[in-house]
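Asks: My questions will all concern the structure given below.
The values are calculated or read from the model by the stated rules, or taken from the named source; none is laboratory data. Keep in mind it's a predicted model, so treat the numbers as computed, not measured. Here the Cβ positions follow ideal geometry from the backbone for every residue, glycine too, while neighbour counts run over all protein chains shown. Please note that ligands, DNA and RNA were not included when accessible areas were found on the heavy atoms of the full protein model with its side chains. Shrake-Rupley method; radii C 1.70, N 1.55, O 1.52, S 1.80 Å.
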Amino acid sequence: MWASMEGNEDPGFMRRTAAGPLVRPTWCEIDLGAVTHNLVQLRAVVGPGVSIFVCLKSDAHGCGATAVALHCQTAGADGLAFGSIGSAIACRDAGAGLPLLLYPTCLPDQAELLEYYDLMPTVSTIEDVAAWSEAAKAGLKVFLKIDGGAYRAGAFPNSAPMVANAIARSGKLKLAGVYGHPMANYGHDSPGYVSAQIASFAAAVKAIEEAGIQIPIRMVSSSTILLDYPDADLDGIDPGRLVVGVSFPSTRDRHKSWRRAVHAIKSRLVMVKTLDHDGCVPEAPFLLRRPGMRLGLIPMGWSDGYPARTPSMAEVLIRGRRVPIIPPVHSEIMRIDLTGVPDATVGDEVVILGRSGSQCICLEELCNKWGMADSEIYVSLVKSLTKVYLNN
Ligand SMILES: *Cc1c(COP(=O)(O)O)cnc(C)c1O
């Protein structure tokens with residue numbers, strides 16, 4: 001895994017190595033095989049006629065939007081959706097050839113950029129239609145979002161036909177589809193509320209079609225909706241978290257064996273020393289055990305998303321054994337107690353999440369100890385770390 005620089009006089013090699021993924025020995029392993037598995041499962045549950053737009057918000061939930069995008073493209077996705085225009089452009093530049101949808105997070109003054117990169121913005125209002133068609137040069141495909149009761153972006157159902165009609169008459173804009181995003185998390189997920197939002201989306205779609213406007217794709221299912229409301233599949237779905245294996249409690253038969261893309265979080269011991277206290281103060285920020293307490297350091301800390309309030313009983317694995325983290329965790333470094341692993345040496349692999357020998361620290365263990373949902377760990381910890389991709 002470690003490139004040797006010895007005997008290599010090419011300065012470009014040095015620069016490439018310095019910019020390479022593992023110059024800092026702390027990383028997160030992402031299993032793209034899990035993404036393939038989840039996409040195959042999705043295709044099996046929705047059938048061949050439904051377009052799968054993979055939502056890559058939050059840098060694909062921390063897993064790395066570019067790598068996940070290119071992988072999804074070869075694994076059966078029909079489109080990709082983004083919360084960040086920058087992320088969409090990076091994926092296009094990296095070779096994503098699929099239709100790319102932008103959720104409402106950019107402005108009409110970027111219309112030319114969207115035309116150049118062939119990105120489809122979201123419109124919600126008559127004013128949006130006017131602004132985008134004014135700003136577009138050649139023409140833009142757009143999605144109309146419908147607000148079925150989440151009160152975020154989107155046209156309310158009673159104005160949706162009017163906005164769809166304005167798109168049809170604009171001359172510059174072309175309706176690529178309509179989508180909605182029912183609120184089904186954040187504690188506002190009573191079945192009645194979710195069903196009402198889906199029904200209100202369906203009513204808006206019907207009204208648009210009755211006004212004689214053709215809708216190429218109707219899409220309303222994020223992960224939660226697609227797991228719990230199979231009737232809402234329509235022509236397309238746009239799940240995000242499920243594709244990278246965030247877990248969902250589900251009540252229907254669609255709770256298959258979804259696999260986690262986050263495979264492991266690892267680092268390496270950068271220092272080992274035995275405490276002798278000679279010439280050192282007898283006080284420490286932790287309980288000093290003596291004689292012979294062995295301290296190790298790993299280059300990872302709260303600025304990487306590790307909880308600043310170190311959970312009690314937090315552990316890592318080294319040489320197949322569990323060792324305690326000694327709080328406090330610092331910004332880019334943490335101590336571990338190596339007293340029980342006398343053979344540990346600088347350079348040894350340290351597992352924060354994943355397997356070492358017969359031991360395993362699974363994501364559920366971190367969620368329990370840290371008091372966090374797995375999706376929070378994806379976006380706080382995984383997102384900040386350098387990624388190494390498996391099964392690409
Ligand atoms: C975030 C988002 C999704 C995906 O949600 P998941 O819970 O990650 O599946 C789908 N559609 C829209 C409009 C979104 O904003």
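Asks: Of K57/K266; K137/K174; K141/K383, which sit over 22 Å apart, Cα to Cα?
Replies: K57/K266; K141/K383
Asks: Now for a different question. If you take the charge dipole of the chain about its Cα centre, with +1 on Lys and Arg Cβ and -1 on Asp and Glu Cβ, which of C72, S267, L288 is farthest toward its positive end?
Replies: Going by the Cα projections, it comes out as L288.
Asks: If you restrict to DSSP beta bridges whose two residues both lie in the chain, what percentage is antiparallel, to the nearest 5?
Replies: 50
Asks: Still on this model: Enumerate the amide H contacts of A155 below 5 Å, restricted to partners 5 or more residues apart or on another chain; note that Pro and chain-start residues carry no placed amide H.
Replies: Here K145, I146, D147 satisfy the definition.
Asks: Now a separate question. Using the crude model of +1 on Lys and Arg Cβ and -1 on Asp and Glu Cβ, and no other charge, please compute the dipole size for region 217-323 relative to its Cα centre, in debye to 20.
Replies: The calculation lands at about 600 debye.
Asks: Working out 0.36 nm times the residue gap between T345 and A150, then minus their Cα-Cα distance, what length gain in nm do you get to one decimal?
Replies: 64.8 nm
Asks: Pull out a ≥ b ≥ c, the square roots of the eigenvalues of the alpha-carbon gyration tensor of the chain, then state rounded if a/c is under 1.5, prolate if not and a/b is larger than b/c, and oblate in the remaining case.
Replies: Since a/c reaches 1.5 and a/b is larger than b/c, the shape of the chain is classed as prolate.
Asks: Can I ask one more? In a GNM of the chain with a 10 Å cut-off on Cα contacts, which of M372, M334, M183 has the highest mean-square fluctuation?
Replies: Answer for the Gaussian network model of the chain: M372.
Asks: Which value, in Å² and to the nearest 10, is the accessible area of K57 when all protein chains are kept and the probe is 1.4 Å?
Replies: 70
Asks: Let me ask another. Please work out how much accessible surface C362 shows to a 1.4 Å probe, ignoring ligands, DNA and RNA, in Å² rounded to 10.
Replies: Spelled out: C362, probe radius 1.4 Å, area about 50 Å².
Asks: So for R254, R268, what's the accessible-area order with a 1.4 Å probe, most first?
Replies: The most accessible residue leads, giving R268, R254.
Asks: Okay, next question. Testing the spin-label approximation: label points 7 Å from Cα along Cα→Cβ at A211 and L288. State their distance in nm.
Replies: Inter-label distance under the simple model: 7.6 nm.
Asks: Quick one: accessible area per residue over the chain, 1.4 Å probe, rounded to a whole number of Å²?
Replies: That works out to 45 Å² per residue.
Asks: Please report, as a whole percent, how much of the solvent-accessible surface of region 242-392 comes from carbon and sulfur atoms (probe radius 1.4 Å).
Replies: Of all accessible area on region 242-392, carbon and sulfur atoms account for 52 percent.
Asks: Which FRET efficiency value, to the nearest 0.05, is calculated for D231 and I333 with the Förster distance at 41 angstrom and r the Cβ-Cβ distance?
Replies: So the FRET efficiency works out to roughly 0.20.
Asks: Which residues does a label at R322 reach in region 344-377, if reach means a backbone N under 17 Å from a point 7 Å past the Cα toward the Cβ?
Replies: Correct set: 351-371.
Asks: If you don't mind, another one. Rounding to the nearest 20 debye, state how big the charge dipole of the chain is about its Cα centre with +1 on each Lys and Arg Cβ and -1 on each Asp and Glu Cβ.
Replies: With only Lys, Arg, Asp and Glu charged at Cβ, the dipole is about 540 debye.
Asks: Further question on the same structure: Given 0.36 nm per residue, what is the gain on full extension from Y116 to N392 after removing their alpha carbon distance, in nm?
Replies: 96.5 nm
Asks: How do Y229, Y389 stack up against each other in accessible area, from largest to smallest, with a 1.4 angstrom probe?
Replies: Final ranking, largest accessible area leading: Y389, Y229.
Asks: Here's another thing I want to ask about it. Determine the dipole magnitude for region 85-195: charges of +1 sit on the beta-carbon of Lys and Arg, -1 on that of Asp and Glu, nothing else is charged, the reference point is the Cα centre, and the result goes in debye to the nearest 20.
Replies: That gives region 85-195 a dipole magnitude of about 260 debye.
Asks: Got a number for the accessible area of T74? Probe 1.4 Å, square angstrom, nearest 10.
Replies: T74 has an accessible surface of roughly 110 Å² with all protein chains in place.
Asks: Could you compute the FRET efficiency for S312 and E127, with r as their C-beta to C-beta distance and R0 at 51 Å, rounded to 0.05?
Replies: Using R0 = 51 Å, I get an efficiency of 0.45.
Asks: Calculate, in nm to one decimal, what A90 and T105 gain on full extension: separation in residues at 0.36 nm each, minus their alpha carbon distance.
Replies: Stretched out fully, the A90 to T105 stretch lengthens by 3.8 nm.
Asks: Still on this structure, please answer the following. Keeping every protein chain in place, order F13, F156, F201 by accessible area at 1.4 Å, biggest value first, i.e. largest first.
Replies: F156, F13, F201
Asks: If you don't mind, another one. Any idea how far apart S257 and N158 come out in nm if each label point goes 7 Å out from Cα toward Cβ?
Replies: 5.1
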